[in-house]
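Chemist: Before anything else, here's the structure in question.
The values are calculated or read from the model by the stated rules, or taken from the named source; none is laboratory data. All of these numbers come straight from a predicted model, not from anything done at the bench. All Cβ positions, even for glycine, are placed from backbone atoms using ideal geometry, and neighbour counts span all protein chains on display. Accessible surface areas use protein heavy atoms only, side chains included; no ligands, DNA or RNA. Shrake-Rupley method; radii C 1.70, N 1.55, O 1.52, S 1.80 Å.
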Amino acid sequence: MGSGKMQIVICDDEKKIQELLAEKVQKLYPTAEVILFASGQELLWSDKDPDILLLDIGMPGKNGMETAKEFRRRHKKTILIFVTAFAEYVFQAFDVGAFHYLVKPFTDEKFLEVLQSAVKQYEGRDYLHEKGTPPFMILSGGEHIMIKPEEIIYAEVFNRKILLHTIDSDIEYYGKMKELEKQVGENFYRSHRSYLVNFAFIRKYDVKTIYLEKGQALMSKKSYHEFVKCYHRYHQKRGKQ
């Protein structure tokens, strides 16, 4: 993966949809290798390790969600986009690290926007500071929002909700800090039970407070020494890249 031609796999039991998606992909990325599969089983039997996978859910035999769970065991880095008529599987998509969940029918603009951001992530993977922590989805005010970990400055627990302070907005949702810690990866540190900070946005810190590019977070006394160690390790890693 990541070397040579970008490989995009489309797995859908409807030939018409396969061809339609393939045409859109090739139009935008003429040099990409596009491979088509008509069932989840066919995909699992193949030895392909695609960079991007467009996967339908409602397929005969093994459905797309079951396929994704099995597929993920062997293919950790593939950027997975569900393309489906079934909106109700959206939360299961978290479990298999889906990049996006496109519900049919969608506009050309929407498809191209999602595809382009997936390709951006694929291209950027080599110089990400960590092993490409994938975006994840949250439900906020009835909307499903895709969150990119590298855009989160810090998170805090507020009124039993999590408040994400990102580069360009503040988003609140019902969730658990422990879960968020897993989703954002190793460039973050839980400096206090109510705060999770992104190392990349820290300006300065002391034993009580971490000052970030936007806002500040509390530091608990017992976390301070461990925080300092992890923060130095983060900078050493970046220096080697």
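Chemist: What's the total number of residues in the stretch 135-165 that are polar (S, T, N, Q) and over 21 Å from Ile81 (Cα atoms)?
Modeler: Residues in the stretch 135-165 being polar (S, T, N, Q) and over 21 Å from Ile81 (Cα atoms): 1 in total.
Chemist: Report, ordered by the first and then the second residue, all pairs with beta carbons closer than 8 Å, sequence separation of six or more or different chains, a first member in the stretch 156-167 that is among the acidic types (Asp, Glu), and a second member that is open to solvent by less than 60 Å² (accessible area, probe 1.4 Å) and not in a loop (DSSP other than H, G, I, E, B).
Modeler: Hits for this filter: Glu156/Ile162; Glu156/Leu163; Glu156/His165; Glu156/Tyr195; Glu156/Leu196; Glu156/Ala217.
Chemist: What is the residue count in the stretch 162-214 for residues that are touching an Asp or Glu at 6+ places or on another chain (Cβ under 6 Å), polar (S, T, N, Q) and over 19 Å from Lys148 (Cβ atoms)?
Modeler: Residues meeting the conditions: 1.
Chemist: Identify the single condition in (1) assigned to a helix (DSSP H, G or I); (2) out of contact with any Ser or Thr (no Cβ under 8 Å at 6 or more places or on another chain) that Pro105 does not satisfy, given that it satisfies every other one.
Modeler: (1)
Chemist: Do we find that Leu28 is of a type outside the set (Lys, Arg) and closer than 17 Å to Tyr101 by Cα in this structure? Break it down stepwise before answering.
Modeler: On the way: of a type outside the set (Lys, Arg): yes; closer than 17 Å to Tyr101 by Cα: no.
The answer is no for Leu28.
Chemist: In the stretch 62-99, what residues are touching a helix residue (DSSP H, G or I) at 6+ places or on another chain (Cβ under 9 Å), modelled with pLDDT under 90 and not in a helix (DSSP H, G or I)?
Modeler: Lys77, Phe86, Val96, Gly97, Ala98, Phe99
Chemist: Return yes when Ala22 is in a helix (DSSP H, G or I) and either within 24 Å of Leu139 (Cα to Cα) or of a type in the set (Ser, Thr, Tyr) (or both) and no when it is not.
Modeler: no
Chemist: Does Leu28 count as open to solvent by 30 Å² or more (accessible area, probe 1.4 Å) and either within 22 Å of the chain's Cα centre (by Cα) or in contact (Cβ under 8 Å) with a residue 12 or more places away in the chain (or both)?
Modeler: Yes; evaluated as a whole, the condition is true for this residue.
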